[in-house]
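Working notes, beginning with the structure itself.
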Amino acid sequence: MRLARIETPVIDPIQETDTVQDYLAQQERKSFLRFLTCGSVDDGKSTLIGRLLSDTRQIFEDQIAALESDSRKHGTTGDDIDYALLVDGLEAEREQGITIDVAYRFFATAKRKFIVADTPGHEQYTRNMATGASTSDLAIVLVDARQGVLRQTRRHSIIASLLGIRHIVVAINKIDLVGFDQVVFDRISAEYAAFAGELGFRSTAFIPMSARYGDNVTKRSENTTWYSGPTLLDHLENVVVDDIETDKPFRFPVQYVNRPNLDFRGFAGTVASGSIRQGDAVVAAKSGKPSRIRRIVAQGGDLAEAVAGQAVTLVLEDEIEVSRGNILVTPDARPHVADQFAANIVWFDEKALLPGRTYILRTETDQVSATVTELKHKIDINDFGKEPARSLDMNEVAVCNLSTQAPLAFDSFTDNRTTGAFILIDRISNNTVGAGMIIHPLRRADNIHWQSLDIGKKARADLKNQKPAVLWFTGLSGSGKSTIANLLERKLHAAGRHTYVLDGDNIRHALNRDLGFTDQDRVENIRRVAEVAKLMADAGLIVIVSFISPFRAERQMARELMTKDEFVEVFVDTPLEECVRRDPKGLYARALAGQIQNFTGLDSPYEAPESAEIHLHTVGKTPEEMVDAIEDWLTNDEIAERQYDDGGGI
Amino acid sequence: MLARLSHLDRLEAEAVHIFREVAATFTKPVMLYSVGKDSAVLLHLAMKAFYPAKPPFPILHVDTTWKFREMIEFRDLMARKLGFDLLVHVNQDGVRDNINPFDHGSNTHTHVMKTLGLRQALDKYGFDAAFGGARRDEEKSRAKERIFSFRNAQHGWDPKNQRPEMWKIFNTRVNPGESIRVFPLSNWTELDIWQYILREDIPIVPLYFAKRRPVVEREGMLILRDDDRMKLRPGEVVENRLVRFRTLGCYPLTGAIDSDADTLEKIVGEMLTAKTSERQGRLIDRDEAGSMEKKKREGYF
């Protein structure tokens, strides 16, 4: 054990002469930097952080004892202390000797306080790297001197750039293993500089380093006399990263309306940028309604002013409509308000991003349903080339157009990291599946307005003496959807109901004839038919949709397009073996022979409904019995009988 | 020239933001209150976040029945003073089986009285978000945890599959039965906590201050004999020593340190020259390697 290496001088000591108050006052005056370490696997990220913590004396004696014993057990550095074990805190990480998730560590020097995010290098954990980068102002990109710039070096640099990081340290690590050779250092520096030229970094520092032995980490190395720049710690202490959020236009995303009684209505939130004083004019971004700041409320007494980063409660002079998700802004420089915009998206989920699928889009305080309407192009990690794409896989980056169900207030991400960012959430699993940085609003929607019509849905439905409904049949090919749908329509028709069957095959002959059977085309197929069903329900019809509709997310999307109680999901549940046996169109035979690709139930998934209103088990039953079961349900639910009782219009 | 926020101002704003985010997006939040210094800071921040209203959630103490008596007195005093809604839950199965740290060891005792007790309480009230005072600088597996940390319907944590957490945009969505543990103090260090207590003059349990107390030396730790449920072993003597606690838990599992720090300034001064971490005084973390991660996966805070 080379314990001696830990016994480096204390960097931020409390002096004998200091009083505790003096010391604490100094602590308060220190500046602050959040940074991350990133780069490819095994380039030494965790080791570097362990080294920084240890050399700045942030490690306690009991932790050193634990580190020594861990190093013997799990260490990958022979007899030396394995500093990576200070940060790789999960059992799986220690067993496998890799970093899986980001670890946050804290240290301070005489000048600055630091929060460092140690992020994983493996491509499969890119989302965890992005997590660490999203709150950082500087990235240390480690490069193994023996390997040079790798694919992950580029990927992490691009993601850091997209996420708004403007300061980079390229730590050319393991320089001891190339004999402290300046030629290697110069070559890698030039290679990185050439590639990063387009990434918009304001500062890029190249430092030759050995994280394991401490060269140029906190102490100048005698082995690299040819290097005249600062040590890593010098650089971290002195680099100027202030993005001066306070100089930008005032933005206050409303987080929470605080209304303990009728006399107090405060808007709580964190000032995203700029500053605000009592008496200043503001507008609510979405409505454009103006008011002034009456009070800036805080527990210890009202404040005269609040600046970027402060969490405060604002009281306005006027009772204007403001709720969570709106932004209070300066009237002089307003954000965009739009329901269509272009954005960079980083995708995190194993299930690819599919244009047309609805996700939940969340900004710091707003939430709305959103769809990627167009995947413009993917970004090639190696050369920034634009690649055409129809879907976006995990860890990929693309420029997309998005459309939201309601307008958002936002800035472009390059203008404001808080009001220009969003995440995408999967509607079924609730996982965070992507992160977005808004580029600009799309103007195409500006000139299209809703034309209001005098005859509404209720009037149309009343004339037909029925309540509109969308009966959505889902099930495998050959499960009996079309047969049952046809029979049901005949019975409803005979009873004087106004109906229409939207049949999957029929729609694909015309409206959807440009679509194939890939996942992204299936999503678009359902999106279009759901919109058509909605129009037909608005016309007062009882619509029977007979589509395989294999994905839960799109059936959920269709459900949410309709009004409450209007959508009835009918699961035509026939086991795959039975469908294969029936094979009414001979499709299974061809698919099993390899002549049809992307066949639902075989090589394309079918996600069965979890809580369909009507669940039909078809095996051993006749279509007539199935239709009776549906009619029973409809009668009990009174959909077919009850008068339409909602307001008119869409 | 606009004032730049100090380090503590930034930490305070971040925590206040997190409190409000939970209040705005969850249906039934609760704040876990363990009566220690971190809980004291948490409570102080919650009061600030919603001023002039009261925090719109109750405060829950999972009582293992082995807390220091002074902790319980302090808890009840604070509830009265600040007027919050205090829920106390005790695992009655554990009481029936007389689970205690002396006969069953720290592992079983903590699992039954704390982890299972907490799970019972969360299920009983159906809370969908629970604030805790954990900090990332405390322990290696905590350094890995998100601020909004997802728990499945069994309260389990899956450290290998955490939701990404971008910027200050928190994913607060859960399905029925699932919940989120929320850690407003994630980015605070022990020094920040003490500095903030000093700056804001936050009341804390007197056990943190040095005083002569009856302690027994056992297995290398100084244990305060808080009541006669602690039987003396042969050769053990109770001595009155000038001691204080750096961290507080169940009294038989929490070691005191020799100290004459009887003011906040002295405590901070002592901390600045400390050579060991605060969790060293906790017996439960030393039982086995990775023991905190294991407990967390089972639902411990």
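The values are calculated or read from the model by the stated rules, or taken from the named source; none is laboratory data. Here the structure is a predicted model, which is why all the values come from computation and not from measurement. Positions of Cβ are backbone-derived with ideal geometry, glycine not excepted, and every protein chain shown enters the neighbour counts. The protein model used for the area step is the full one, side chains on, heavy atoms only, and it has no ligands, DNA or RNA in it. Shrake-Rupley method; radii C 1.70, N 1.55, O 1.52, S 1.80 Å.
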Query raised in the report: Which of the residues spanning the range A:330-354 are open to solvent by less than 50 Å² (accessible area, probe 1.4 Å) and farther than 22 Å from A:Lys376 by Cα?
Result: A:Thr330, A:Pro331, A:Ala333, A:Pro335
Report summary line: Within the range B:1-13, restricting to residues that are in a helix (DSSP H, G or I) and either free of Cβ contacts under 8 Å to residues at least 60 places away in the same chain or acidic (Asp, Glu) (or both), the one that is nearest to the other protein chains (Cβ to nearest Cβ) is B:Ala13
Query - Scan of the range A:378-408 for residues that are of a type in the set (A, V, I, L, M) and either more than 12 Å from chain B (Cβ to nearest Cβ) or open to solvent by 50 Å² or more (accessible area, probe 1.4 Å) (or both), ordered by number - result: A:Ile379, A:Ile381, A:Ala389, A:Leu392, A:Val397, A:Ala398, A:Val399, A:Leu402, A:Ala406, A:Leu408
Query raised in the report: Restricting to the range B:201-221, what's the tally of residues that are within 14 Å of chain A (Cβ to nearest Cβ) and modelled with pLDDT of 95 or more?
Result: 1
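Got a number for residues in the range A:161-183 being more than 14 Å from A:Ser40 (Cα to Cα), of a type outside the set (S, T, N, Q) and open to solvent by less than 20 Å² (accessible area, probe 1.4 Å)? Outline the logic, then answer.
To start, the set of residues in the range A:161-183 that are more than 14 Å from A:Ser40 (Cα to Cα) comprises A:161-169, A:175-183.
Filter once more, so that each one left must be of a type outside the set (S, T, N, Q): A:162-169, A:175-181, A:183.
Narrowing the set further to residues that are open to solvent by less than 20 Å² (accessible area, probe 1.4 Å) leaves A:163-165, A:167-169, A:175.
Qualifying residue count, the range A:161-183: 7.
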**Report entry** strands (runs of 3 or more DSSP E) lying entirely in the range A:46-155 (those with 2 or more residues that are within 13 Å of chain B (Cβ to nearest Cβ) and either in contact with a Pro (Cβ under 7 Å, 6 or more places away or on another chain) or β-branched (Val, Ile, Thr) (or both))
**Finding:** A:112-118
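Suppose we filter A:Asp118, A:Asp101, A:Asp144, A:Asp137 for residues that are open to solvent by 10 Å² or more (accessible area, probe 1.4 Å) and acidic (Asp, Glu); which single one remains? Before you say what the answer is, go through the steps one by one.
Numbers: A:Asp118 fails: open to solvent by 10 Å² or more (accessible area, probe 1.4 Å); A:Asp101 fails: open to solvent by 10 Å² or more (accessible area, probe 1.4 Å); A:Asp144 fails: open to solvent by 10 Å² or more (accessible area, probe 1.4 Å).
Being open to solvent by 10 Å² or more (accessible area, probe 1.4 Å) and acidic (Asp, Glu) holds for just one of A:Asp118, A:Asp101, A:Asp144, A:Asp137, which is A:Asp137.
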Requested in this report: Looking only at the range A:531-548, decide whether some residue is of a type in the set (A, V, I, L, M), without any contact (Cβ under 8 Å) to a residue 24 or more places away in the chain and not in a helix (DSSP H, G or I).
Outcome: no
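Only one of A:Thr37, A:Thr109, A:Thr19 is open to solvent by less than 10 Å² (accessible area, probe 1.4 Å) and over 26 Å from A:Arg155 (Cβ atoms). Can you tell me which? Step through it out loud before you land on a result.
On the way: A:Thr37 fails: over 26 Å from A:Arg155 (Cβ atoms); A:Thr19 fails: open to solvent by less than 10 Å² (accessible area, probe 1.4 Å).
None of the other options fit; the residue is A:Thr109.
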Query - Residues (of a type in the set (Gly, Ala, Ser) and either open to solvent by 60 Å² or more (accessible area, probe 1.4 Å) or over 19 Å from the mean Cα position of the chain (by Cα) (or both)) located in the range B:237-269 - result: B:Ser259, B:Ala261, B:Gly269
**Report entry** Failed criterion for A:Val368 (all others in (1) without any contact (Cβ under 8 Å) to a residue 40 or more places away in the chain; (2) surrounded by fewer than 22 Cβ atoms within 10 Å (Cβ to Cβ) hold)
**Finding:** (1)
**Report entry** Enumerated strands (runs of 3 or more DSSP E) restricted to the range A:238-329, each holding at least 2 residues that are open to solvent by 40 Å² or more (accessible area, probe 1.4 Å)
**Finding:** A:256-261, A:290-297
Requested in this report: Might you let me know whether the range B:167-182 holds any residue that is of a type outside the set (A, V, I, L, M, F, W, C), in contact with a strand residue (DSSP E or B) (Cβ under 8 Å, 6 or more places away or on another chain) and more than 9 Å from chain A (Cβ to nearest Cβ)?
Outcome: yes
Query raised in the report: When the residues of the range A:409-433 are filtered to those that are more than 12 Å from chain B (Cβ to nearest Cβ) and at pLDDT below 95, which remaining residue is surrounded by the fewest Cβ atoms within 10 Å (Cβ to Cβ)?
Result: A:Thr414
Query raised in the report: Has the range B:57-80 got at least one residue that is within 14 Å of chain A (Cβ to nearest Cβ), open to solvent by less than 20 Å² (accessible area, probe 1.4 Å) and closer than 30 Å to B:Asp9 by Cβ?
Result: yes
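Residue by residue through the range A:462-479, note down the ones that are within 39 Å of the chain's Cα centre (by Cα) and open to solvent by 10 Å² or more (accessible area, probe 1.4 Å).
At the first step, the residues of the range A:462-479 found to be within 39 Å of the chain's Cα centre (by Cα) are A:468-479.
Answer for the range A:462-479, where residues must be within 39 Å of the chain's Cα centre (by Cα) and open to solvent by 10 Å² or more (accessible area, probe 1.4 Å): A:Leu476, A:Ser477, A:Gly478.
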Query - Scan of the range A:507-526 for residues that are touching a Lys or Arg at 6+ places or on another chain (Cβ under 8 Å) and in a loop (DSSP other than H, G, I, E, B), ordered by number - result: A:Leu511, A:Asn512, A:Leu515, A:Thr518
Query raised in the report: Are any residues in the range A:490-506 open to solvent by 90 Å² or more (accessible area, probe 1.4 Å) and either part of a loop (DSSP other than H, G, I, E, B) or touching a residue at least 12 places away in the same chain (Cβ under 8 Å) (or both), and if so, which ones?
Result: A:Tyr500
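One line per residue, one yes/no per condition, for (1) of a type in the set (Asp, Glu); (2) in contact with a strand residue (DSSP E or B) (Cβ under 6 Å, 6 or more places away or on another chain):
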| residue | (1), (2) |
| --- | --- |
| A:Ser189 | no, yes |
| A:Gly200 | no, no |
| A:Ser203 | no, yes |
| A:Glu237 | yes, yes |
Query raised in the report: Residues in the range A:38-61: is at least one modelled with pLDDT of 70 or more and more than 39 Å from the chain's Cα centre (by Cα)?
Result: yes
Query raised in the report: Out of all the residues in the range B:180-203, is one or more in contact with a Lys or Arg (Cβ under 8 Å, 6 or more places away or on another chain), surrounded by fewer than 23 Cβ atoms within 10 Å (Cβ to Cβ) and farther than 29 Å from B:Glu73 by Cα?
Result: yes
Query - Every residue from the range B:14-46 that is within 22 Å of the chain's Cα centre (by Cα), at the interface with another protein chain (Cβ under 7 Å from one of its Cβ atoms) and either surrounded by fewer than 18 Cβ atoms within 10 Å (Cβ to Cβ) or under 22 Å from B:Asn175 (Cα atoms) (or both) - result: B:Arg20, B:Glu21, B:Ala23
